[in-house]
Every structure is written in C-alpha cells, then in structure tokens.
Amino acid sequence: MAGEAIAFYILTGMIVTAAAIVVGSKNIVHAGVSLVPVLLGVAGLYVLLRAEFLTVVQILIYVGAITVLLLFVILLTEGATGLRTRQRNEQVPLAAAVAALFLVTLLVALTRTPWALTNQPSAAYNIGAVGTSLFTTYVLVFEVAGLLILASLVGAIVIARKES
Amino acid sequence: MGVALFLNIVTALLEIELVRMFLSVVAVFTFVAIGGAMFLVLMERKVSAWIQARIGPRHVGPGGVLQTIADTVKILQKEHIVSAQADRFMFSLAPIMVAVAALLSYVVLPWGPGVIVRDLNVGLLYFAAVSSVGVIGILIGGWASNNKYSLYGGLRSAAQMISYEIPLGLALLTVAVLTGTLSTAKIVEAQPYPLLYYPFILVNAFIFITAATAETNRVPFDLPEAESELVAGYFSEYTPMRFAVFQLGEYGALFANSALFVTMFLGGWRGPFDLPLIGAVGSGIIWFLLKSYAIVFFLMWVRWTYPRLRIDQLLNVSWKVLVPLGLVNLLVVSFFVVMGW
C-alpha cells in the first residue's frame, strides 16, 4: 500500500507539473510535447487502479495518435519556430471565475460523495467483460459515439474536398 | 557456508519486485544493444554487401565481425554538437524517446516457454501502444534540429506512422479474434492454427509485415530518412552518440517487430524438435532467436532489393489496399470463428 501511495504521488506530481507547462509555456511545441507526460501519468494512474486495458488504450490513442496529430498540425502551421507571441487575452477575469466555480463544484462533489472504501484489491477484469458490457448495457452510448465519429469523419471529408 | 549464504541473499533479492524489474531491464537493454543494434548493423552491412556483390567489412576481427564494436568505441569518443539555433532540451530528449519506446515493446515478447518479462493480458495492444510513442521522438527530433530537411523527415514520419498504425492494428486484431486472447504467451500456445484459416493468416501476415516495415521506417517505406532527398531526415543534425541512440531504437524496433511476427505467425518459441543438452526452455529460446533473425534477414533482403516509394504511393498502399484488405480479412476470420469452424 505504501508503494502504491508513493507511486500515486510521483505520478500526480508529474501530471501537475507537465500540465502547468502545457498551459503556461510560451513555446507551443513545448506545450504540445508536455502533453505526453500528462497523458502517460494518467495511464500510470490507470495501472494503479488495475485497469490494464484502459492504460494501454490511453497510451495508444492519446499519446500515440492524438498528441502526434496535434504536434503534426502545429509543425505544419507554425513551421520551425513554434513561438506564439500572444499567450493571454482579455478574458482573464471571466476564465478565473469559471475556474473558481469549477473548483468549488469539484470540492463539494468530492467531500459530499460517500466513497466506498475497501481493503480488497479491485477485481481483475478482462477485455471480454469490457466488450460484453459495451454491447449490452451501454450499447446505446456505444452506437451514439460511433455515429458521432462517423459524422465528424464525413464532415472533415466534405470540408477537405474541393468543389468541382 | 559462504556460497549458501550468498545464494540465500540472491534468492531473497529476487523475491523483490523492484530488483526483478531492474534485472529484466538490464537483460533486455543488453540484448537490444548487442543482439539488436550492434549485431544487426553488422548483419545489415554484410547482407547489403552480399546482395550488391561486395565483401563488406572485413578488416576488424575475423571476417570483419568486430567492425561494429570498433565503430561503437569510435562513436563514444566523438564530440557532441548541438547546432546553435536548435532547441537543446528537445534535441537531447528525442533519441531517448525513440530508444525507450522500442525497448518497452520487449516486455511482452515471449522468448521461450515461460521466459517473458511480463505476460500482460493486453500484450498485443500494449505492443502497438508503446511502439506508437516512438514517433513523437522522431517528430520533436526533426523539429528541434531547426533544419528544414529534418522537419520534413519528422512530418513524413508522423503521416506515415499514423497511416500504417491502422492496418497494423487490424492485423493484430485478426490474430486476437483467431486466438481469443491478446496475451502473447497464449497466442504461441494457440498455434498451430486450424488448417482452414491459413489463407487468411497468410493475408494477415502480409498486412502485418508491410505495416511493420513502414512503422520501422525501412525501405521501401523509408521516406522519413531518405538519404538522397532529405539528407537522412530527422537525424541529419545529430552527432555520433545521439545518432547511435536513434539507431538503437530503430534496430531495436526492427527486431521487436520481427519477433512479434514470429510470435503471431510462426509458432513463437516452438521448434520442430528440442535441441540436446539445453532443455526445453533453452531450445525454445534458440528457435525463437533463429526464426526472428530469419525474418530480420527477410526485411533486409527487401530493403536492399526494392526502390523507395513516393509519398502518395505510400499513403495509397495503406489507405486503399491494406486497410480494406485488413477489414475484409478481419470480417471473414470473425465469421469463421463465430461459426466455430
């Protein structure tokens, strides 16, 4: 248990530090690359929760695909500099208010929720169980998500193709 | 007495997870450095020489077998140079990311019966996931060099790897459907496959090896590092040791992909017979290595035989040939499995 706690704090430290760089860095490429430790750290938290499948999918999709696409687009548009002169706009008070509201909501939710505590390690689960629940209990959510992705795919193609 | 005490201490240490982890990392890294990078560089030079009717390295050691060791010593002594406008931190980080990504994929390779660093439930997915991280190293290496050719190399690499991850994933998925598991050790146990499936497995093996060649940036898919047009692409600004770390990652990934091919399609560590004296585990490892190096040889043969593709041809091969083929193949294999044939 002590080992898990240590691992948790190391991971959290890594996530928070890297996330601060993501939002604070003046260099947009640095910000993009800092997403990698954030997402890997979250994957590490999934390992601590014994969610192997989720861990691997997190790395595959978020680190291996989304971050790569993000960096690809940044490098294509910003060229070799990666420097953005403008990092802040006039919306700071509004953003601060939203952030504060969100923090309060989170704190209330965290303190009011009766967390089910147990000494048992969470049950080992397998991909079969994930697949079965996706196609039975959550089939509607699954299909809607699929539809959404299809719609965005078609939308992207329509925008990208030239009208003849 | 002293020996017994020593053995006791060693057994006690081996019980500790952290110690075992450390030792596995050392073992894997040693293998990747010597059996992967150093040996494969020598092998590549010898194979290319043989294909081009040359002799290849021959001065250092008998038949030139010590050439890469001499080269490594030379590389270690050379100066590190970072170009003035480069992003120092990112520049140093990039080769490490590529090498670590390649190294991580060795965790799930089954070397022999029971010889595996960690038999993950999601082994195949894990392999795909960690090998997809390496492209970030290539991208930031290309960007940090502050050289337009390097940047082009990095961008091409990203486009290529994203395109070929899909057929690669489909090939892995087909194997997972066929065997009913994602664990690499259990996939070896599930072989040989039923005879009826072999036409589809053949197609699948073709898709996998094509996609894996593209993922490891080798000819005919080596656009990210095309020497003749991009002056080696993303690593043209790198001086010897960092360049060597890139090469370590690349050859490490080459061997890992070949080993995964052997695991999925050629029976992994299973051999026609057990070799004498070294037992089942020992001969399993020997068969596994023999088969893996045979696949590596095949990939080198391809590399020195075929010309490079153009970028549009390369993307067409992925999206218009491999992806539809993989989807149909997956559908047919799933149908067969559901019908219980």
Whether any residue in the range B:120-136 is touching a helix residue (DSSP H, G or I) at 6+ places or on another chain (Cβ under 9 Å), more than 10 Å from every other protein chain (Cβ to nearest Cβ) and in contact (Cβ under 8 Å) with a residue 24 or more places away in the chain is what I want to check.
no
Any idea which of (1) closer than 18 Å to residue B:242 by Cα; (2) in contact (Cβ under 8 Å) with a residue 60 or more places away in the chain is the one residue B:114 doesn't satisfy?
(1)
Please specify each residue of the range B:284-314 satisfying the condition of being among the polar types (S, T, N, Q) and surrounded by fewer than 20 Cβ atoms within 10 Å (Cβ to Cβ).
B:305, B:313
Search result, residues across the range A:41-58 that are open to solvent by 70 Å² or more (accessible area, probe 1.4 Å) and under 13 Å from the mean Cα position of the chain (by Cα):
A:54
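Please work out if residue B:106 is open to solvent by 10 Å² or more (accessible area, probe 1.4 Å), assigned to a helix (DSSP H, G or I) and of a type outside the set (Gly, Ala, Ser).
Judged against the criteria, residue B:106 is not a match.
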Scanning the range A:125-154 for residues that are closer than 28 Å to residue B:120 by Cα, of a type in the set (Val, Ile, Thr) and open to solvent by 60 Å² or more (accessible area, probe 1.4 Å) gives A:132, A:136, A:137
So which residues in the range B:80-103 are over 23 Å from the mean Cα position of the chain (by Cα), part of a helix (DSSP H, G or I) and of a type in the set (A, V, I, L, M), if there are any at all?
B:90
Would you be able to tell me the number of residues in the range B:143-183 that are in contact with a Pro (Cβ under 8 Å, 6 or more places away or on another chain) and at the interface with another protein chain (Cβ under 8 Å from one of its Cβ atoms)?
1
So if I check each of B:269, B:287, which one is in contact with a strand residue (DSSP E or B) (Cβ under 6 Å, 6 or more places away or on another chain) and not basic (Lys, Arg)?
B:269
With at negative phi, among the aliphatic types (A, V, I, L, M) and open to solvent by less than 10 Å² (accessible area, probe 1.4 Å) as the only criterion, which of B:139, B:178, B:170 stands out?
B:139
Those residues of the range B:1-30 which are surrounded by 13 or more Cβ atoms within 10 Å (Cβ to Cβ) and either over 29 Å from residue B:103 (Cα atoms) or basic (Lys, Arg) (or both) amount to B:20
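Restricting to the range B:36-84, count the residues that are in contact with a Lys or Arg (Cβ under 6 Å, 6 or more places away or on another chain) and within 23 Å of residue B:249 (Cβ to Cβ).
Adding up the residues that qualify gives 2.
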Any residue at all in the range B:71-79 that is open to solvent by 70 Å² or more (accessible area, probe 1.4 Å), in contact with a Pro (Cβ under 6 Å, 6 or more places away or on another chain) and not in a loop (DSSP other than H, G, I, E, B)?
no
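The values are calculated or read from the model by the stated rules, or taken from the named source; none is laboratory data. None of the values given here were measured: they were computed from a predicted structure. All Cβ positions, even for glycine, are placed from backbone atoms using ideal geometry, and neighbour counts span all protein chains on display. Note: areas computed on protein heavy atoms with side chains; ligands, DNA, RNA excluded. Shrake-Rupley method; radii C 1.70, N 1.55, O 1.52, S 1.80 Å.
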